[in-house]
Each structure stands twice: as structure tokens, then as C-alpha cells.
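The values are calculated or read from the model by the stated rules, or taken from the named source; none is laboratory data. These figures come from a predicted structure and were not determined experimentally. Methodologically, a virtual Cβ is constructed for each residue, glycine included, from the backbone with ideal geometry; neighbour enumeration extends over all protein chains shown. Protein only, heavy atoms only, side chains kept; ligands, DNA and RNA dropped before computing areas. Shrake-Rupley method; radii C 1.70, N 1.55, O 1.52, S 1.80 Å.
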Number of protein chains: 2
Amino acid sequence: MSAQDDRSKGTLIELPPEECVALLGTTTVGRLAFVDANGQQLIPVNFTIIDEVIYFRTSRDGILAGLADGHEDIAFGVDHHDVFRDGWNVTVRGTVAAVTDEAVAETVQSHTRLHPWAGGDRPLVMAITPRAIDGRRVKGH
Amino acid sequence: MSAQDDRSKGTLIELPPEECVALLGTTTVGRLAFVDANGQQLIPVNFTIIDEVIYFRTSRDGILAGLADGHEDIAFGVDHHDVFRDGWNVTVRGTVAAVTDEAVAETVQSHTRLHPWAGGDRPLVMAITPRAIDGRRVKGH
């Protein structure tokens, strides 16, 4: 076995759900994967998590606005990896729809962490409700 | 408008394809989105790019092995964002399939950048062939 092969033998640890939720709270940008009429989409969004619901904001006319009426099968992922190739990833699978409760929407919009990454006017508040959450920690060496 | 609102007005710049390809070469972990029999998947993979084809390795029995016979609609994304909320993202849309040319597979497997993030034995070499590539740079302030 070569040194290169040795280096590729990372260690992978499945994470318990509560640690996955905690890790989601350590970062502010995730990627939302879903299929729409144009096929597979994968879009980074700035998010916050409140009571295990993931919220993000979007404009009324973008690709994400097409999710406002609800999508039953999305995946949302966050991950972190350092230059030593240690890291973790958490993937949420569930549903997404626009928040229709104005009090909830206002709470989310006032959340200091929830500045949309791409800026601009983003009045739609969307909620991802997890059906399943899983994650892994990887030790690269 | 509050200070918070000011901070949310990021600037978004669409990137030309050649810059997208160059940015893909600056990082080693991307996320692959596709739908299989279990629904929407979103999986981080360690990758390399050679001649505008994205390669990654996987085991013969994981979720990614299910792509070996080919999948016509995947999205693959990389992004970077710093603590000042400046960043970029590049998304490739295209097809994926196992590499059947042994010479190509050997070249990829010997590529020093392509150590699978999660380690383990990963004999399958997969290739993502882009159909479209787009990217954006975001200035958070």
C-alpha cells in the first residue's frame, strides 16, 4: 500500500441527531437541492434554524420562489472541512414551503443571522421542515 | 432602513464560464445532488477536475455507486464564503456515470488531489460531464 493509499483511509463517524442539529447552528450557509421543471437544482442559501425548522428568505421572482407553494422532497446540506481534511457534514431531508403565518415570518425576518447571502430584496420567508436528519464526522488522517 | 437592512444588501456578480472552471480547481470538496429511488440526495464528494470533467471515487456498495450506470440530471456545487460574508459559488449541471476506460480510471486514481474525503476503499471512478456551468460572486457588504 502506498503512502497515498494510507492517506485516503479516513475515519467516518455517524453523528447522533442532536449533534446534527447542533452543527446546523454553527454555520449560516447551506445548499438546497430539489428538482423543478428545469431539472435538478442546487442553490446556496443563508439560513437560520429555530426550533429545528430551517428558515431562509428569497425574492418573489427567483428559482426559490417556485418552492413557495410547497415541495415534498428536498435535501438541505451543510458541511465544514479544514485544510487537514477533517470535517463534518449534515444533511436534512424534508419539505419546504413559504411561511404563511405573518408573526412567524416577522420573527424570522428580524433574526440577525438571517441576512440573505446574495443580498437584495427578499420578502418571502421559506421554511424547511425536516423529515430526516443525518450527519457524519470525517477524520481525514 | 436599519443597519441590519443595509448589511443585507449584498452585491451579486454573475461569473463567466472560464472563471467558474478556474474556481472549481481551487477547492477539493463539492456536493452532488441527484434523485434516486429514495428521493432527493445531496452528498459531499472529494473531487478533481481534468479537462473540464469532474472526477470522484466511491465504493461499490454506497449510494453513489447507484450512479455507475449513468444519471442524466445531476447538479454539482462548490462554494466558498468567508467570515465577512464575501464568497462565490459555482454550480455544474450535467450527467454522471462510472468511467469505463481503464486508462482514464487509473490516471484519476493516481491523482494526488483525489483522496476520498470519507476514506475507505473506493475503487469506482465516476465522471461528471457538465452540460451547463454557472457561478456567482457575492460581496456581502
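Restricting to the stretch A:27-38, name every residue that is within 18 Å of A:Val53 (Cβ to Cβ), more than 9 Å from the chain's Cα centre (by Cα) and open to solvent by 10 Å² or more (accessible area, probe 1.4 Å). Scanning the stretch A:27-38 gives a single hit, A:Thr27. Taking the criterion of being out of contact with any Pro (no Cβ under 9 Å at 6 or more places or on another chain) and hydroxyl-bearing (Ser, Thr, Tyr), the residues of the stretch A:79-108 that qualify are A:Thr100, A:Thr107.
So, in the stretch A:23-35, how many residues would count as being away from chain B (no Cβ under 11 Å) and assigned to a strand (DSSP E or B)?
Here is the first cut: in the stretch A:23-35, the residues away from chain B (no Cβ under 11 Å) are A:23-26.
Filter once more, keeping what is assigned to a strand (DSSP E or B): none.
So the answer is 0.
Taking residues in the stretch A:10-21 that are under 10 Å from A:Ile133 (Cα atoms), and partners anywhere that are of a type outside the set (D, E, K, R) and open to solvent by 40 Å² or more (accessible area, probe 1.4 Å), the pairs with Cβ atoms closer than 6 Å and at least 6 places apart or on different chains are A:Pro17/A:Ile133; A:Cys20/A:Ile133. Residues in the stretch A:49-83 that are in contact (Cβ under 8 Å) with a residue 60 or more places away in the chain and not hydrophobic (A, V, I, L, M, F, W, C): A:Glu52, A:Tyr55, A:Arg57, A:Thr58, A:Ser59, A:Arg60.
Residue by residue, here is whether (1) within 12 Å of chain B (Cβ to nearest Cβ); (2) open to solvent by 10 Å² or more (accessible area, probe 1.4 Å); (3) in a strand (DSSP E or B); (4) modelled with pLDDT of 95 or more holds:
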| position | (1), (2), (3), (4) |
| --- | --- |
| A:Gln40 | yes, no, yes, yes |
| A:Thr48 | no, no, yes, no |
| A:Arg60 | no, yes, no, no |
| A:Asp69 | no, yes, no, yes |
| A:Ala75 | yes, no, yes, yes |
| A:Asp79 | yes, yes, yes, no |
| A:Trp88 | yes, yes, yes, no |
| A:Ala97 | no, yes, yes, yes |
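Under the condition of being within 11 Å of chain A (Cβ to nearest Cβ) and at pLDDT 65 or above, which residue from the stretch B:100-113 is farthest from the chain's Cα centre (by Cα)? Here the answer is B:Ser110.
Go through the residues of the stretch A:93-102 one by one and say whether even a single one is touching a helix residue (DSSP H, G or I) at 6+ places or on another chain (Cβ under 6 Å) and within 18 Å of B:Val35 (Cβ to Cβ).
yes
Please verify whether A:Leu64 is at pLDDT 95 or above and open to solvent by less than 40 Å² (accessible area, probe 1.4 Å), treating the condition exactly as stated. Against the criterion (at pLDDT 95 or above and open to solvent by less than 40 Å² (accessible area, probe 1.4 Å)), A:Leu64 qualifies.
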